[in-house]
1. Name every residue in region A:13-26 that is in a loop (DSSP other than H, G, I, E, B) and either over 16 Å from A:ALA214 (Cα atoms) or of a type outside the set (Ser, Thr, Tyr) (or both), in order of residue number.
2. Would you point out which residue out of A:SER78, A:SER60 is of a type in the set (S, T, N, Q), away from every other protein chain (no Cβ under 14 Å) and over 30 Å from A:GLU100 (Cβ atoms)?
3. Restricting to region A:47-86, count the residues that are within 18 Å of the chain's Cα centre (by Cα) and within 30 Å of B:LEU35 (Cβ to Cβ).
4. Looking at region B:89-116 only, could you name the residues that are assigned to a helix (DSSP H, G or I), out of contact with any helix residue (DSSP H, G or I) (no Cβ under 9 Å at 6 or more places or on another chain) and surrounded by 13 or more Cβ atoms within 10 Å (Cβ to Cβ)?
5. What single numbered condition from (1) surrounded by 16 or more Cβ atoms within 10 Å (Cβ to Cβ); (2) modelled with pLDDT of 95 or more; (3) in a helix (DSSP H, G or I) fails to hold for B:ALA119?
6. Please find, within region B:37-51, the residue that is surrounded by the fewest Cβ atoms within 10 Å (Cβ to Cβ) out of those that are in a strand (DSSP E or B) and of a type outside the set (Asp, Glu).
7. Could you tell me whether A:ALA257 is surrounded by 17 or more Cβ atoms within 10 Å (Cβ to Cβ), outside the structural domain of A:ASP106 (by TED's automatic domain parsing) and under 30 Å from A:LYS86 (Cβ atoms)?
8. Restrict the check to region A:294-306 and report whether at least one residue is within 14 Å of chain B (Cβ to nearest Cβ), touching a Ser or Thr at 6+ places or on another chain (Cβ under 8 Å) and either surrounded by fewer than 19 Cβ atoms within 10 Å (Cβ to Cβ) or within 24 Å of A:ASN82 (Cβ to Cβ) (or both).
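The values are calculated or read from the model by the stated rules, or taken from the named source; none is laboratory data. Since this is a predicted model, take the numbers as computed values, not measurements. As a convention, Cβ positions derive from the backbone with ideal geometry for all residues, glycine included, and neighbour counts pool all protein chains shown.
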Amino acid sequence: MSRSLSRVNNTIHETPLAPLHIELGAKMVPFAGWNMPVQYTSIIDEHTAVREHAGIFDISHMGQFFVEGDGAEAWLNSLLTNNVAKLGLGEGQYSIMLNEQGGVIDDLILYREAEGRIFLVVNASMIDEDFAWMSKYLPEGLDLRNESDQWAAMAVQGPHAAALFAELFPGQPLPPRNGMASWTHEGELLMVCSTGYTGEEGYEFFSSSANGSAWFQRFIDAGAKPCGLGARDSLRLEVCYPLNGSDLSPSHTPLEAGLGFFCDLEKEGGFVGSEILADQKRDGLQKRLVALKYTGRGAPPRAHYGVFTKEGEQISELTSGVLSPSLREGIALAYLPLDHAKIGSLVDVDVRGRRFEAKVVKKPFYKKA
Amino acid sequence: MNVPDHLRYTSDHEWILLDGDTVTVGITDHAQEELTDVVFVELPENGRTCDAGDPVAVVESVKAASDIYIPVAGEIVEGNIDLEADPSLVNTDPYGAGWIFKVRLKDAAAVDALMDASAYKGLIG
């Protein structure tokens, strides 16, 4: 059964790499409707491998869209928050799709592969909704295709990631940061994008669905450690990359989420939701997604734990949280009212009735030495 | 999988060591391997009186928090404070330095109703 068909039937989906994950000893868990590896050996080992060497993640559950035709750039510029006009050929950018109220539908990366040909990578849980939303605005003459079922995708991340690429593809240069390249390798079309979700150097690699497992295994044989969603989550949280559905949602704007850098309010013609953002910018924010770090030792912070003032009044809940494997400290994100959102403000996080003090700190929690 | 013969077990993957009127409780090798990477252990309060099956401690990995249930009724007499400094003892020495708490039994016979090693081996396959 095709993945798009099974999605309609509400069953759990599997990437083309699922049999390989099981062979590699992964613990599989449902995530965003997909049966995915949460870890192979240990989240901490996998996390550390990415920070110090190289790890590989199956990201085939994510969606791959293409927009083609004259004016593809201009149309996407009217739909997404970032400025597509700034992209040269082969360049990519992080951008956000908003609803008409300025709330986040999805965050994504788009790459200008060629003039009039844009490649987009969207979140797994949002493939259908994004496609429907984009189709609603699609003008005559442009082609929008969901090729999510045709591609296997894997993220190779860490200080040694580039060396692994050079070993597998001698003579094929990696694109510069945020860039993409496509080429034909022994008759197969491959794509590589110098982006990621870990805060490390690295890239995201795309092959045909059928060859995905073979490529994943080749990267492992070259020295990449297979890593699951557990490490992916702790890595991204250490560098404060938001997770849609947790840190981003239709009820928060990207300005509240601290993503104003990726919202070009000056661009001509605006974009869906831009008027709301402009009003919010003019009137001032009521709340802000802040980085919280425990001031002492404590039970690991997790999403949905309550956030309280020092006087005991509940003001929010965590959107994400983890005991940071790199820092060995509790770290979390939460939307806090502005008067509690200043750097240095103290709050308490409630864990099963016990309170642990946390301080608002500068993002990100973790920076490369 | 290490399942020592001299211990008793529960279907929640706890082990129980009987010593006079007191038992020591921890989680099994199988349980620690399933959890992996124990990063925090919330110990029960000393002096608390509990019924069998009450959740009294929490063992947390990077990804999840798991309740630990008291397998037999009694009074909590001690928690393993070494776990506050080094929770990974639960992974590295689950039947020794990674013990979690001690209970003074209300009824010593309650231990007899728990699984022995061969029954627990059957459970975890």
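1. Here is the first cut: in region A:13-26, the residues in a loop (DSSP other than H, G, I, E, B) are A:14-17, A:24-26.
Result: A:GLU14, A:PRO16, A:LEU17, A:LEU24, A:GLY25, A:ALA26.
2. Numbers: A:SER78 fails: over 30 Å from A:GLU100 (Cβ atoms).
The unique qualifying residue is A:SER60.
3. Residues flagged as within 18 Å of the chain's Cα centre (by Cα) and within 30 Å of B:LEU35 (Cβ to Cβ) within region A:47-86 amount to 11.
4. Let us first name the residues in region B:89-116 that are assigned to a helix (DSSP H, G or I), namely B:89-92, B:108-113.
Keeping just the survivors that are out of contact with any helix residue (DSSP H, G or I) (no Cβ under 9 Å at 6 or more places or on another chain) gives B:108-113.
Once the filter is applied, which keeps residues that are assigned to a helix (DSSP H, G or I), out of contact with any helix residue (DSSP H, G or I) (no Cβ under 9 Å at 6 or more places or on another chain) and surrounded by 13 or more Cβ atoms within 10 Å (Cβ to Cβ), region B:89-116 yields B:ALA108, B:ALA110, B:VAL111.
5. Evaluating B:ALA119 over (1) surrounded by 16 or more Cβ atoms within 10 Å (Cβ to Cβ); (2) modelled with pLDDT of 95 or more; (3) in a helix (DSSP H, G or I) leaves (1) as the failure.
6. So in region B:37-51, the residues in a strand (DSSP E or B) come out as B:38-42, B:49-50.
From what's left, of a type outside the set (Asp, Glu): B:38-41, B:49-50.
On the way: B:VAL38: 24, B:VAL39: 24, B:PHE40: 20, B:VAL41: 26, B:THR49: 13, B:CYS50: 18.
Restricting to residues being in a strand (DSSP E or B) and of a type outside the set (Asp, Glu), the top hit is B:THR49.
7. Details: surrounded by 17 or more Cβ atoms within 10 Å (Cβ to Cβ): yes; outside the structural domain of A:ASP106 (by TED's automatic domain parsing): yes; under 30 Å from A:LYS86 (Cβ atoms): yes.
Here the answer is yes, as A:ALA257 does meet what is asked.
8. Yes, there is a match, as at least one residue in region A:294-306 is within 14 Å of chain B (Cβ to nearest Cβ), touching a Ser or Thr at 6+ places or on another chain (Cβ under 8 Å) and either surrounded by fewer than 19 Cβ atoms within 10 Å (Cβ to Cβ) or within 24 Å of A:ASN82 (Cβ to Cβ) (or both).
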